[in-house]
1. Just to be sure, is THR42 under 17 Å from LEU97 (Cα atoms) and of a type in the set (Ser, Thr, Tyr)?
2. Name the residue that is nearest to LEU111 (Cα to Cα), counting only residues in region 28-61 that are within 16 Å of the chain's Cα centre (by Cα) and in a loop (DSSP other than H, G, I, E, B).
3. Among the residues of region 82-116, write down those that are in contact with a Phe, Trp or Tyr (Cβ under 9 Å, 6 or more places away or on another chain) and outside any strand (DSSP E or B).
4. What are the residue pairs meeting all of these: first residue in region 103-125, first residue over 20 Å from LEU72 (Cβ atoms), second residue surrounded by 11 or more Cβ atoms within 10 Å (Cβ to Cβ), Cβ atoms under 7 Å, and 6 or more apart or on different chains?
5. Out of curiosity, is VAL15 modelled with pLDDT under 95, over 15 Å from the mean Cα position of the chain (by Cα), surrounded by 12 or more Cβ atoms within 10 Å (Cβ to Cβ) and not basic (Lys, Arg)?
6. Picking from ARG67, ARG88, ARG28, which residue would you name as being charged (D, E, K, R) and within 17 Å of GLY7 (Cβ to Cβ)?
7. So, in region 62-81, how many residues would count as being surrounded by 15 or more Cβ atoms within 10 Å (Cβ to Cβ) and part of a strand (DSSP E or B)?
8. Show the residue pairs that are 6+ apart or on different chains and have beta-carbon atoms under 8 Å apart, the first residue being within region 1-27 and in a loop (DSSP other than H, G, I, E, B), the second being surrounded by fewer than 18 Cβ atoms within 10 Å (Cβ to Cβ) and of a type in the set (Ser, Thr, Tyr).
Amino acid sequence: MDVRIVGSSLPSPVVAGNEVLVGLQRGREVVAPRPVAGSSMTFEAELDVVLTPAGVDYRGPWVQGKRGDRFLYLCWGHDDGSGFVTSRRAKLMLGVLDPAEMATARPGATLQARLPLTDAGGRPVCAAVRPPAIRWTLA
């Protein structure tokens, strides 16, 4: 299943003299981190919805965590000259998704998340992100 993450309310593009970069983590690698720019940012990934005797599970190279606690990582950082250095990560929690809706999603459906990319202090969002801070829909 395709996943589209749409972030609004972007943080400052520069923090502590460093250009802020953001990207999704696949496995242990943050893929194509890019500068904070514009009024919104979109990220794309894929996941597999798997029906197990215990219920719905999510798998794939973008999916992090153990069964029952799956999530996608949105990573914040900067380039120190030798590569991307992570400074904060947001866990976009998948366990909040309706299992019945996910199990019966039509082939080709896209899972979309909408969230502000800043916390209450205007810093890049981090920690576990659950509703109402994120809104998941199937399209």
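1. Values: under 17 Å from LEU97 (Cα atoms): no; of a type in the set (Ser, Thr, Tyr): yes.
Against the criterion (under 17 Å from LEU97 (Cα atoms) and of a type in the set (Ser, Thr, Tyr)), THR42 does not qualify.
2. If we take residues in region 28-61 being within 16 Å of the chain's Cα centre (by Cα) and in a loop (DSSP other than H, G, I, E, B), then LEU47 is nearest to LEU111 (Cα to Cα).
3. Initial filter on region 82-116 (in contact with a Phe, Trp or Tyr (Cβ under 9 Å, 6 or more places away or on another chain)): 86-98, 102, 111-114.
LEU94, GLY95, VAL96, LEU97, ASP98, MET102, listed by residue number.
4. Going by the 7 Å Cβ cut-off, the qualifying pairs are GLY122/PRO11.
5. Details: modelled with pLDDT under 95: yes; over 15 Å from the mean Cα position of the chain (by Cα): yes; surrounded by 12 or more Cβ atoms within 10 Å (Cβ to Cβ): yes; not basic (Lys, Arg): yes.
When the stated conditions are applied, VAL15 passes them.
6. Values: ARG67 fails: within 17 Å of GLY7 (Cβ to Cβ); ARG28 fails: within 17 Å of GLY7 (Cβ to Cβ).
Sole residue among the options that is charged (D, E, K, R) and within 17 Å of GLY7 (Cβ to Cβ): ARG88.
7. As a first pass, look at region 62-81 and keep what is surrounded by 15 or more Cβ atoms within 10 Å (Cβ to Cβ): 62-65, 70-78.
If we keep only those that are part of a strand (DSSP E or B) as well, we get 64, 71-78.
Here the count works out to 9.
8. MET1/THR110; SER9/THR118; LEU10/SER39; LEU10/SER40; LEU10/THR118; PRO11/THR118; VAL20/SER12
The values are calculated or read from the model by the stated rules, or taken from the named source; none is laboratory data. This structure is a prediction, so every number in the text was calculated from the model and none was measured. All Cβ positions, even for glycine, are placed from backbone atoms using ideal geometry, and neighbour counts span all protein chains on display.
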